[in-house]
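Every number in this text was worked out from the coordinates using simple rules, so none of it is lab data. A quick note: this is a predicted structure, and the numbers were derived from the prediction, not measured. Virtual Cβ from ideal backbone geometry, glycine too; neighbours counted across all protein chains shown.
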Amino acid sequence: MRILLGIDDSPHSHAALEWVRKSAWPPGTTVLVLSVARPMVSAYAEVYAPAAPYLDEAWKDQLRFHEEITANAERELRAAGVETVAKVMQGDPRAVLVDAARSEHADLIIVGSHGRTGLAKLVMGSVASYVVAHAPCSVLVVKLPGHRG
């Protein structure tokens, strides 16, 4: 079985990681731990101080942060006896998760739900909703215990 676990630094994502860690998986199961770094956009750049060097350093910091997230998740899963591979990719998390599931031939995608509703969901979008609607395989959305969203 090939599982794609989409993670970020949220408590919701940690709940999904815990769900995977505590579950029993058939022999040969591999979990691809994937964190997606959104491209940085400069909304403001001064004429006398170009933003490019600052954006480049901020982007490197963001990639390191996502690499830490995946490395920690991979360590937790391996300690529980789960075979893992970790990746950091760039782009819109919704599209990247769906594309990665397709290219990796995933049997299951697991993501956490942030539980946004109303205006917040409209403005920020819902990664989980998009993945459920567009994934080439089954999707499991894990909510925080006691969360009513």
Point to revise | For LEU144, distant residues with modelled amide H under 5 Å away | key: SER113
Exercise for review: Grab the other residues whose beta carbon is less than 11 angstrom from that of ASP92, score K and R as +1, D and E as -1, and report the net.
Suggested key: +1
**Study point:** Positive minus negative residues near GLN62 (Lys, Arg vs Asp, Glu; Cβ under 13 Å)
**Key:** -4
**Study point:** Stretchable slack from PHE65 to ALA79, in nm (0.36 nm times residue separation minus alpha-carbon distance)
**Key:** 2.9 nm
**Study point:** Net charge over other residues, Cβ less than 13 angstrom from the Cβ of SER35 (K, R count +1; D, E count -1)
**Key:** -2
Exercise for review: Show the residues, 5+ positions off or on another chain, whose built amide H is closer than 5 Å to the amide H of LEU5.
Suggested key: LEU32, VAL33, LEU34, ILE110
